[in-house]
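These notes concern the structure reproduced below.
The values are calculated or read from the model by the stated rules, or taken from the named source; none is laboratory data. All values reported here derive from a predicted model rather than from experimental measurement. We place every Cβ from the backbone using ideal geometry, glycine too, and count neighbours over all the protein chains shown.
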Amino acid sequence: MANVAPVVPDTHPPVEGGGAPGPDGRSWYKRNEIALTPWLFLIPGVLFFAVYVIVPIFQSFYISFYEWDGLGDLHANGEFVGLGNYERLLGGDRKFEVSFWNNIRWLVLYLLAIPLGLFIALFLNQTVRGIRIYKSLFFFPFVLSQVVVGLVFSWFYLPREGLLNAGLALFGAGPVNILGDPSMATYGIIAAGLWPQTAYCMILYLTGLNAVDPEQVEAARLDGAKGWRMLWYVILPQLKPATFIAFVVTIIGALRSFDLISVMTNGGPFGSTRVLSFYMFEEALSEFGFRMGYGSAIAVVLFLLMLVFIAYFLWSMYRDEKAAAR
């Protein structure tokens, strides 16, 4: 008679969540629940970011190698031109040159929002009577739409009825047509953009000042530090995260400036206020454009310009954190 192995009953309880049970009888999900839970919250945002940001970036690179009007299928109606669009951009396109140098002006002058925001935040970071009213007044530009800001400053700059020229008349100065002068229009628009951008930097620094270690400040005071030395050696090093975010957001805002230009001058006078984002719109989507390949090439140049600055700040921040960890 053949020997029959005894049947051993399964003593493990049923596993919830599926998966093979581990040594402790828990499922794979239960064993990794702490590590997986953050990803379950991140996945929807990552998917949206990939579909609406990452994929269009690669599509822009791909379309920039074609001459295409944006109608119909790219391969059926478009013509592959390789680097032809980039050769045209860099080969003497006067509109592109004006747009590029205007973007550089935006970038340099827009960075003034960072020190202005810092000093306003230092002024508002006090416990004096009525400080909440002052904070609200300085915060107000940030909540306004850029279109509203553009309209307000367009009225402010009006040659005859504008508040600016009314103020100049009090000092005997003649009227100035800022938005009608090709040499001044770009700077007038940048001044309009600095108003809400300074408010945003102020908010970042106010948040950062709340995290400043009071013990370090008190120790510096005991050592005799005050004024500029206190700010430079004690306060600013603790505001590096806020400064990094302010730099990145300000640079991106300067390089993608579009709405203020569209509202205030529509690229004029005589195309003197064009920037790369506005020129990209003109070439790709305006009634005189529909050159999607050329517009995509401009978008790629703008993206690479942003990438250079952001990569530099990320590398600088990584280097500082690595040095601090040693």
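Looking across segment 150-179 at every residue that is of a type in the set (G, A, S) and within 29 Å of the chain's Cα centre (by Cα), the one that is surrounded by the most Cβ atoms within 10 Å (Cβ to Cβ) is identified as G150. Of the helices (runs of 4 or more DSSP H) that lie entirely inside segment 81-131, those containing 1 or more residues that are of a type in the set (S, T, Y) and touching a Phe, Trp or Tyr at 6+ places or on another chain (Cβ under 8 Å) span 94-110. Filtered by the rule that a residue be in contact with a Phe, Trp or Tyr (Cβ under 7 Å, 6 or more places away or on another chain) and of a type in the set (G, A, S), segment 154-179 gives a lone residue, G162.
Working carefully through the options G180, G224, find the one that is in contact with a Pro (Cβ under 9 Å, 6 or more places away or on another chain) and over 30 Å from L307 (Cβ atoms). None of the others qualify; the one that does is G180. Of everything in segment 94-153 that is touching a Leu at 6+ places or on another chain (Cβ under 8 Å), within 21 Å of P241 (Cα to Cα) and not aliphatic (A, V, I, L, M), the residue that is modelled with the lowest pLDDT is N125. Scanning segment 122-132 for residues that are over 28 Å from the mean Cα position of the chain (by Cα) and aliphatic (A, V, I, L, M) turns up V128, I131.
Against the list (1) surrounded by fewer than 14 Cβ atoms within 10 Å (Cβ to Cβ); (2) closer than 27 Å to A254 by Cα, the condition G227 fails is (2).
The residue that is surrounded by the fewest Cβ atoms within 10 Å (Cβ to Cβ), counting only those in segment 59-87 that are closer than 18 Å to S286 by Cα and of a type in the set (A, V, I, L, M, F, W, C), is L71. Can you work out which of the residues in segment 43-56 that are aliphatic (A, V, I, L, M) and surrounded by 10 or more Cβ atoms within 10 Å (Cβ to Cβ) is nearest to F303 (Cα to Cα)? Selected residue: I54. Of the helices (runs of 4 or more DSSP H) that lie entirely inside segment 214-326, those containing 2 or more residues that are within 21 Å of F58 (Cα to Cα) span 240-255, 276-284, 292-325.
Checked against the criteria, M292 counts as touching an Asp or Glu at 6+ places or on another chain (Cβ under 8 Å), closer than 21 Å to I54 by Cβ and in contact (Cβ under 8 Å) with a residue 40 or more places away in the chain. Checking each residue in segment 236-276 for being touching a residue at least 12 places away in the same chain (Cβ under 8 Å), surrounded by fewer than 19 Cβ atoms within 10 Å (Cβ to Cβ) and either farther than 18 Å from A192 by Cα or in contact with a His (Cβ under 7 Å, 6 or more places away or on another chain) (or both) picks out Q238, K240, P241, F244, I245, V248, F270, G271.
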